[in-house]
Amino acid sequence: MRTQQIDPLINQAESELAAVFAGFEQTEALWTDRVLDAFVRHQVAARHFTPTTGYGYDDIARDTLEALCADIFRTEAAICRPHLASGTHTLAVGLFGLLLPGDELLVVTGSPYDTLEGVIGLHNEPGSLRELGVTTRIVDLDEAGAVDLPAVLSAMTERTKVVFLQRSRGYALRPSILPRDMEIIIKTVKQKNPDVFVMVDNCYGAFVTEDEPTFYGADLVAGSLIKNLGGGIAPTGGYLAGSARAIGLVENRLTAPGIGREVGSYEASYRPFYQGLFMAPHTVCQALKTAALAARVAELLGMEAKPGAFEVRSDIIQALVMGTPAKVVSYCQGIQAASPIDSFASPEPWDMPGYTDQVIMAAGAFVQGASIELSCDAPMRPPFAVYQQGALTYASGKRAVRAAFAKIMEIPDA
Ligand SMILES: *Cc1c(COP(=O)(O)O)cnc(C)c1O
């Protein structure tokens, strides 16, 4: 009976989304061309999968992966490697590389992602930027959800060293920022101070649009390899791509001054990083289709979806406003039950350290915590929205979305 209710909605959503899906596939084809052109230019071969030990001097696998990454982002240099433990670690290495005592970090897209609070030192964390003597100012987005350029310009001082943008909505209901909309911001802040670094948190954003922030002069982009750029294959790692000036500073923080990118061995094969990069345009497309499907089904059920099913996207996150705690829990449990790993587990809201409200998380991924694989989480507070992202294949994503909506339709008032 449940499937009788849900299947017509899935079918309707899917047929209404045909043009949207075709757009995602066009972007996939474009990035596939660019990625493969880079593989050809750098003559990627089986020798690039060979492990190294010890210092890892002249590790051709690591060096070539980083050259590919720079090529794809159209930057002078890149760091792309398993030694970066997470997205937060990658962003922290970038920030600590660029900022010195007395400098100011200007975040221009409102409150940054939760895990950056510790890096900035919002609560005076030991080892934070704040302890180092780096101050942070946050400029909120304007009413329309865009970067408030006049406010940014008046917040800039001679101490402003880094202007920081977060591309993705993260776990907030604000819109994501399109790379092409960053162009005017980058140009204008650099007009005011040509020495300022523009850094972009590119988590969840890579390969979603036809362009990247670096195409418009961003000095540094950073992201996680267990999100978009790892294609669902990379087992760990992060990337930073940017100007020689920016990467030159950041690489000294990555390892040690004077050593930089020259060290770092990896005894497991680099094959999953290359294969992941090859897969990434396709995997991102699968995630985008799954997100749009969930958005449209939610809309057909009278719920709000952010972004809307037909809106232009700049990241893979889909917020769905469920409206009640019961629906949040049911939706997440439906996603979990349809996951390949830990399908038997049933997530419940819990008091997660560092969060004020209870949080529920559904994730059943091959790579622990990978959110390019389908996952869904929600803080238990109004408006009771779930944040869903990822899917390695559209068919499995669709199956999970169907299961999750079927589960909320079981709730009496739904
Ligand atoms: C995921 C994410 C991060 C942090 O990455 P972790 O790998 O979870 O540490 C930072 N910023 C944004 C926008 C993210 O989506």
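Rg to Rh for the range 79-150: what is it, with Cα atoms only and Rh by Kirkwood?
Computed over Cα atoms, the ratio is 1.01.
Summarise the long-distance tail of P(r) for the chain by giving the % of C-alpha pairs beyond 31 Å.
Within the chain, distances greater than 31 Å cover 38 percent of Cα pairs.
What three numbers, in Å, describe the spread of the alpha carbons of the range 146-199 along their principal axes, ordered from the longest?
Computed over the Cα atoms, the extents are 32, 20, 19 Å.
If all Cα-Cα distances of the range 227-311 are sorted into 10 Å bins from 0 onward, what percent lands in each bin, rounded to whole numbers?
16, 27, 27, 17, 11, 2
Per residue of the chain, what 222 nm ellipticity follows from adding -39500 (n - 2.57) for every DSSP H run with n ≥ 4, rounded to the nearest 500? Could you put the intermediate results ahead of the total?
Working: 12 runs with 165 residues, N = 414.
It comes out at -13000 deg cm²/dmol, rounded to the nearest 500.
Can you tell me the equivalent ellipsoid semi-axes for the range 257-348? Use √(5λ) from the Cα gyration tensor, largest first, whole Å.
With the √(5λ) rule applied to the range 257-348, the semi-axes are 35, 19, 14 Å.
Please give the helix 2-16 orientation as an angle from the longest Cα principal axis of the chain, in degrees from 0 to 90, rounded to the nearest 10.
50
At a 10 Å Cβ-Cβ cut-off, how would you order E183, E158, fewest neighbours first? Spell out each step's value before the answer.
Working: E183 16, E158 8.
Result, fewest neighbours first: E158, E183.
Taking a cut-off of 19 Å between Cα atoms, list the aspartates and glutamates near K190, but don't count ones fewer than 8 places away on the same chain.
In chain and number order, the partners are E76, D103, E104, D148, E158, D181, D201, E212, D219.
Which number comes out as Rg/Rh for the range 313-410 once both Rg and the Kirkwood Rh are worked out on C-alpha atoms?
Rounded to two decimals, Rg over Rh is 0.94.
With the chain treated as a Gaussian network of Cα nodes joined by springs under 10 Å, which of Q191, Q336, Q286 yields the largest mean-square fluctuation?
Answer for the Gaussian network model of the chain: Q191.
Over all distinct alpha-carbon pairs, what is the Kirkwood Rh of the range 1-87 in angstrom?
16.6
Quick one: angle between helix 60-73 and the longest Cα principal axis of the chain, in degrees between 0 and 90, rounded to 10, please.
70
Where does each of L36, L301, L320 land when they are ranked from fewest to most other beta-carbon atoms within 10 angstrom?
L36, L301, L320
Taking the Cβ of each residue in S269, S339 as the centre, tally the other Cβ atoms inside 10 Å and list the residues starting with the fewest. Walk me through the intermediate numbers first.
On the way: S269 14, S339 23.
So the residues, fewest neighbours to most, are S269, S339.
Assuming 0.890 mPa s and 25 °C, estimate D for the range 33-124 with Stokes-Einstein, Rh taken as the Kirkwood radius over Cα pairs, in µm²/s.
Working: Rh = 15.9 Å.
D = 155 µm²/s.
Can you give the convex hull volume per residue for the Cα atoms of the range 245-399, as a whole number of Å³? All intermediate terms of the calculation are to be shown ahead of the outcome.
Values: hull volume 26.4 nm³, N = 155.
Given the Cα convex hull of the range 245-399, per-residue volume reads 171 Å³.
Tell me the angle of helix 394-409 to the major Cα principal axis of the chain, expressed in degrees between 0 and 90 and rounded to the nearest ten.
50
Please go through the range 1-89 and write out the chymotrypsin sites (Phe, Trp or Tyr not before Pro) that DSSP classes as loop and that have at most 16 other C-beta atoms within 10 Å.
Listed in order of number, the matching sites are Y55, Y57.
If pairing requires two Cys Cβ atoms under 4.7 Å apart, which cysteines of the chain are left without a partner?
Result for the chain is C203, C285, C332, C376, no neighbouring Cys Cβ within the cutoff.
Can you tell me what percent of all Cα-Cα pairs in the range 219-262 are more than 13 Å apart?
Details: 545 of 946 pairs.
Percentage above 13 Å: 58.
No value in this document is a laboratory result; all are computed from the given coordinates. Bear in mind the structure is a predicted one, so any value in this text is a computation, not a measurement. As a convention, Cβ positions derive from the backbone with ideal geometry for all residues, glycine included, and neighbour counts pool all protein chains shown.
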